[in-house]
Each structure stands twice: as structure tokens, then as C-alpha cells.
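S.K.: Okay, handing you the structure first.
What follows is calculated from the coordinates using simple rules that are stated; it is not laboratory data. Fair warning: this is a prediction, and the values are worked out from it, not measured in the lab. Heads up, the Cβs are rebuilt from the backbone with ideal geometry, glycines too, and the neighbour counts pull from every protein chain shown.
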Amino acid sequence: MDQALLLRDMMLIRAFEAALVARPDHGFQLLSSGEEAVAVGLCAALNADDQLLSSGRAIGPALARGLDPGAVMAELLGRVAGPNRGKGGRGHLAQPSAGFFGAHAVVGGNLTIAAGVALAFQTQHRPGVVACVFGDGACGAGALHETLNIAALWTLPLLLVCDNNGLSVATPSAEALAPARLSDLAAPFGVPGITVDGMDVLAVRAAATGLVERARAGRGPAFLECRAERFSSHSTATRETRDAATMARARARCPIERLSGQLIEAGAIDAAGLAALRAEVDAEVARAIAFAEAAPFPDPAEALSDVG
Amino acid sequence: MSADAPAARVKLFFREAIARALREEMTRDERIILLGQDVGDFGGSYKEFVGLKAAFGRTRVRDMPVAEAAMVGLGVGAAAAGLRPLVSITYMDFLMLGLDPLVNYAAKARFKTGGQLTVPLVVKTTAGAKGQGVAHSQCVEAWLMSVPGLTVVAPSTAADAYGLLKSALRAPGPVLFVDHKRLFPTAGEVPADEVLVPFGQAAVRRAGEHVTIASHGYMVRVALEAADRLAGQGVSCEVIDLRSLAPLDLDTVAASAGRTGALLTLEEGQLTCGVGAEVAFRVRERYDTVKLARVGALPAPVSSNPVLEAACLPDAARVVAAVRRLLKS
Amino acid sequence: MFYALTVPGGVEEVEEVRVLEWHGQVGRVFAPGELVVELETHKALVEVRAGQAGVLRRILCAEGDWQAVGQPVALLSDSPEDPLPETADGLAALAVEFEVS
């Protein structure tokens, strides 16, 4: 994929979320801002046969996977026009027909599910690979270890992507997790583990591509740790715990600024081109909001539809 | 075939009824796979899966490590992605380790995705006390019957194990199939031809006039034993086997209780928030003059100690005494 | 003298069995220790071996038939010429050894 497209995708996530939280009706959101390169770099390595699962921090993954921003905004704002008919919200955003098997809001709750999807692919000889994004917060959970074990044992076509932003709500990973390098968690299972700079979309894409192709070739699962920074607090309902200096250091690693700078330096884009990209993205976000705002809320009777 | 011709039946051990249902359905639908501990060459802890690996191969019959969260989660994900897994959880006590994927994902997947995903998963588990101790004895199906989106069934006979399991393996959503340790030593007549037992349909096991006993699982046999003894004392019991806890066939129980005027619920699980609490209250909502009583385990863990286990669990004598108290009240 | 080969008791929880396979036809002489019949329980196989010499004279339960513990599945006699009794009632039980696997 053209690097300018990677930049655009990251910019879309950033602008989308900025517009979302500016609204009084934004609801309970976990933002991907700062971590765009993880989702975008990973999705650049996936094709239409693959499935992506995510944690509750789903906006970046959903948009990076190519879901229509209007539909995503509608889901976040509780409208029937969302892919989940407004019933899942951000924490359960899903569009399997578009390769986004879905978000699940239980920390680590999607890991064994992802392995099950991979098992189905393998059993039915489908060409797809399953990627599951989760945070460092899920790395202390038994589910991760159970998933690594069975994925290794059965050589499942599964890529585990740890979006390590160093914090689990307010708890720094050093206080929650014994291993310093989270990709080391895969080693006891014989699963390859790689750690990359999660703020460098090209590094994420390169690593993900290699591991996805390896899984697609039937050589089994892998663990990709992407060290990233989140630019907002854990959620819109959580206060920020980091001081100004820490935040400044985090923002200095902005993946959008970084790629923009690289493209400018390489002569691949100029200031006007960047401005055009931003305008394009802003227009898309504006369309998304207009679409979502015009969409109706579900009928209360839908509380009882699709239950069982 | 004439309506009068009796259907051909074959007598099978309880485990064989399960194996037969699985064999038929796995032959019919190649999407069905079996995941569990010791289900392959070992054939299952109760030999209920004997022959399946030989017949269907190691891709479709897979032994799993002792990791119930992963067992259920894998089953859930595979079901959502197009297979029809049956996950065998040997002890219902350990189903608790798999409740996150079962309750938080499987039971909610269709709703939370607005209908985009369905989870045609069967979790089969064995409940009940039989000398194995506090963490190998529990009957907690009452906990699960209130989960929206989850079907819960509990056979008491080989025929119903066969028929309900077949229905479960064709169901569009997640089904929890709860059998019982004490059912495996039993044998029963099973239809020779394919028969599916529908969900939400109770069975009247014994017709009677003076009292309705509603039960499920192994306790149905205890109810029938109690009914035999009570018949000798001039008390006629109607014994209803619920078979399906969610959806619950209230109509059959309520109609019976409406006729007899007295309802005793019987379960091996706890009375608090138990199956009986739900059944009795729903019947009371229909008929406010029906006399109600519930019998269940003592509010204590069930020890492996035979004296203590026997003290905890309902038996025919206790049911007889409870019926007599109910009818006098 | 005639003997009834009855379903062995003493196997935990077993109240009835199904006949799996007869290891001989009517007329066969079984020496002590020889396998006469295999019975299936809900969880195991019971191999019933002759505890005394005897001639198999009548099979009461064919393969696939069910029988309760303590009830007869076959009649054996000391001699092949002993006339068959009317019923199995009152017959002595054949001495057997059985092994559960």
C-alpha cells in the first residue's frame, strides 16, 4: 500500500476521534489516538480473506480495516445505521462481512475467540489469517497463555498483536507484568515474538506482513508487540494520570507527524499535499457525522430482538 | 406408517445414546467438531464419545489441555466463524472457568452484533454429586437458565439425551446440555429411528391427581421412586420432567398444578434462586391457589464423605415426606 | 446336573448388562478358566470365565439382549446328555470368575 494511504488512514482515525469527543453525546469511548500506527500498519498486512478482532479500543482497528466512517460513527452514537444496529456500540463494534470480526469489551476476552475463528479457518481450509489486537492489560490474563498454548499446539493461523501503550488504565505495565518485553511471553510456547516501535507505521506493517504471510503459509501463530503511546486518558470516563512532561514526550512520538516528516523528506509529498490530505479526511469525517446524525435510534422493541 | 404402530425402540446405555446422537449428527453435518479433555482415543470419561475419533478423524475430534476457558472460547469462536462445535466440559464445576466466553460472548454475540454473528455451539457438561467432593459435585444449571440468549437443557433419560443432543447440534444459538453422573449407569429405550426432542417441551412421566412434582435430570428418577412409594400410601403423584430449563415449558407444569392444586419442585441444586424457585413462582403467577413447596440440596458444599453427601442430597424418602407435608398444609 | 450362568453381581452400580459376545455355541464344553461370555455394563466389559467344567446347553440371552444382575443368561450341565430342565428356576449357579475391564 502506498505510504500516503497509510498516512491518510492514520489521519482519519485522529480526526474522527477528535470530532467524536467534541460532541456532548460522545458516550463512553476508548480512543486510539496516538496508537493509529498499530491498527493501520497491521491492517495494511491483511487482505479480504482475513479477519480482525480487537479489544474495546476499537475505533482505530475498525476504521483501519476499512469500515465506513459514517457507519462507525452511527454505531458509536447508537443509531440503527451502525453495523451492529446501534446495539453493540464501540465495545462490540463488528462487521464480519468486511473482515472486522469485531471488538469485544472484556479485556482478553477476544483471545480464545480469535483462536476459535482461526481453528474454523484451518478446519475448513480457508486461506485467511486471524489477527487479534489486545492491550498490554490483557497480558497478565490466563486467556493469553491458554491461547498461545493451543495456537502453538495446533499451528493455528493466528497473529496476536499486543498494542502495548504501557498503561492499564492507571497502572503502568511494570507494576502489572513481570516480563519487560511482552513478546517474550510467546517464547515458552515456541511461538515467534517480535517487538517493534508501535509509533512507526512502516515498522508495524513490515513486521505484520512477515508474520501474516508466515501464518498464511501454515507455519503457525506469532506474537507482535507494538510499543505505542496513547494520547488520551484510558477512556472518556477516566482522568489522565500522566503529568504534562510525560504527555509531551508521548506526543513527540506522534505516528502521523513521523510519517508526514518522512514523506516530506523523501519528496513523496509536499505541504500542499499534506493539507489536501487533511482536508479530504476532514470532509470524510464531516460526512460521517452528518450521516450518523441523520440516522434514527433503534425502536425500544429492539431491546428484545436478536437475543437468542 | 399407521398412527397405531408402535415406534421401534432399542435399549441403550445412557452413554451410547449420546454417542449415537453425535455420530448421526456428525455424519449429517461435517461442520460439527468435538472438543474436550480425553474425548479422542480415550472416548470420554464416561465412554460417551467412544468410536467418534475413529469414525471422524483427529481434525473433528480433538483432545484439549485442561483449560476450560480456552475450550469454551475456542468453541465459541469456531462456531461464530462457521463450525458447529460441541465442547465437552467433564465436570459442571469447571464450566465456571469457561463462563466468560459462554456468557459474555456466546450468549450475547447475536444481540451485540445486531444479528451479524450467531454462535451455534453446544457445551455439554456433567453435573451432580457422586462421591467426588465439593468441587466435583455441583448442579448449577439454575445459574445459567437466566442468561438471555442461552438455551439450557437437561435430559433424565437415554432417549432424551439422544433427542435433545440432536436438537442442540442443529440449534442456531448456544446450548448448554447438562447431563448427570448418576445417569450414566442407567439404560433406556431409545427410538430406533431418528427423533429430535424439541426445546421448551416438558414430559409427563407419570400421570397423577393429588400433587404435581416438577423436576429435571437425575432427580426425575428420585421423583418417580417417591411417587411409587406414595402410591402405596394412597397419594397419586403427577411427575413432570422439565427437560428444558430455558426455554421453560410453563404451560405443562402450570396446567398440571392447576389440576392437582399442589406443586412440589425437586432439584439436586440449591434452593436459593434455583430452578424450583423460578418454576414455583411462575406457576403461582398463573394460579394463586396452588400450594407450593420446593425440595433441593442443603445449603452446603457437598462433601465426598458418603455420610455427609447423603445428608445433603434429596432422596425418595425426603421427597415423600415433603409431599405429605405439602398436602397437609 | 444343570447350572444357571447368572449375571455376576458385585460390580459397582451395575444393575443390568447387555450380552456382547458368546464364546461358543450350544454343545461346547468349557474347561475351568475359559471365557464363556462377554457382558457390557455402562462403563466396562465383564469377561465371564467358567469356574467349573460344563457344557453349554441353552443360551437364554442372545447377543444384544439385556439381563439384570443375578438373572440367568445361559444353562450349562455337567454332561451333554442331562435332560434340559423346564425352567432355570431353582438351578444352582455356575461357578464363574469374572474380570472387569
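S.K.: Working carefully through the options C:25, C:52, find the one that is over 26 Å from residue B:16 (Cα atoms) and loosely packed, with under 13 Cβ neighbours inside 10 Å.
M.R.: Answer to the selection: C:25.
S.K.: Quickly run through the stretch A:97-135 and pick out the residues that are outside any helix (DSSP H, G or I) and of a type in the set (A, V, I, L, M, F, W, C).
M.R.: Hits for the stretch A:97-135 are A:100, A:101, A:103, A:105, A:106, A:107, A:129, A:130, A:131, A:132, A:133, A:134.
S.K.: Can you pull out every residue in the stretch A:18-42 that is in a loop (DSSP other than H, G, I, E, B), in contact with a helix residue (DSSP H, G or I) (Cβ under 9 Å, 6 or more places away or on another chain) and on the phi < 0 side of the Ramachandran plot?
M.R.: Once the filter is applied, which keeps residues that are in a loop (DSSP other than H, G, I, E, B), in contact with a helix residue (DSSP H, G or I) (Cβ under 9 Å, 6 or more places away or on another chain) and on the phi < 0 side of the Ramachandran plot, the stretch A:18-42 yields A:23, A:26, A:28, A:29, A:30, A:31, A:32, A:33, A:35.
S.K.: Which numbered condition trips up residue A:281, out of (1) within 14 Å of chain B (Cβ to nearest Cβ); (2) buried (at least 17 other Cβ atoms within 10 Å of the Cβ)?
M.R.: Here residue A:281 meets the rest and fails (1).
S.K.: Go through the stretch B:95-124 and count every residue that is buried (at least 24 other Cβ atoms within 10 Å of the Cβ) and more than 12 Å from every other protein chain (Cβ to nearest Cβ).
M.R.: The total comes to 4.
S.K.: Would you point out which residue out of A:129, A:107 is within 24 Å of residue A:91 (Cα to Cα), within 13 Å of chain B (Cβ to nearest Cβ) and in contact with a Lys or Arg (Cβ under 9 Å, 6 or more places away or on another chain)?
M.R.: A:129 is the lone residue from the list that is within 24 Å of residue A:91 (Cα to Cα), within 13 Å of chain B (Cβ to nearest Cβ) and in contact with a Lys or Arg (Cβ under 9 Å, 6 or more places away or on another chain).
S.K.: Criterion first (touching a residue at least 60 places away in the same chain (Cβ under 8 Å), closer than 15 Å to residue B:246 by Cβ and either more than 14 Å from chain A (Cβ to nearest Cβ) or assigned to a helix (DSSP H, G or I) (or both)) does residue B:155 satisfy it?
M.R.: Against the criterion (touching a residue at least 60 places away in the same chain (Cβ under 8 Å), closer than 15 Å to residue B:246 by Cβ and either more than 14 Å from chain A (Cβ to nearest Cβ) or assigned to a helix (DSSP H, G or I) (or both)), residue B:155 qualifies.
S.K.: Quick check on the stretch A:70-89: of everything there that is crowded, with 24+ Cβ neighbours inside 10 Å and not in a loop (DSSP other than H, G, I, E, B), which residue is nearest to the other protein chains (Cβ to nearest Cβ)?
M.R.: A:75
S.K.: Another question, if that's okay. Go through (1) part of a helix (DSSP H, G or I); (2) within 14 Å of chain B (Cβ to nearest Cβ); (3) touching a Pro at 6+ places or on another chain (Cβ under 7 Å) and name the single condition residue A:156 misses.
M.R.: Every condition holds for residue A:156 apart from (1).
S.K.: Sticking with this structure for a sec: Mind checking whether some residue in the stretch B:191-205 is within 14 Å of chain C (Cβ to nearest Cβ), touching a Phe, Trp or Tyr at 6+ places or on another chain (Cβ under 8 Å) and within 18 Å of residue B:11 (Cβ to Cβ)?
M.R.: There is no residue in the stretch B:191-205 that is within 14 Å of chain C (Cβ to nearest Cβ), touching a Phe, Trp or Tyr at 6+ places or on another chain (Cβ under 8 Å) and within 18 Å of residue B:11 (Cβ to Cβ).
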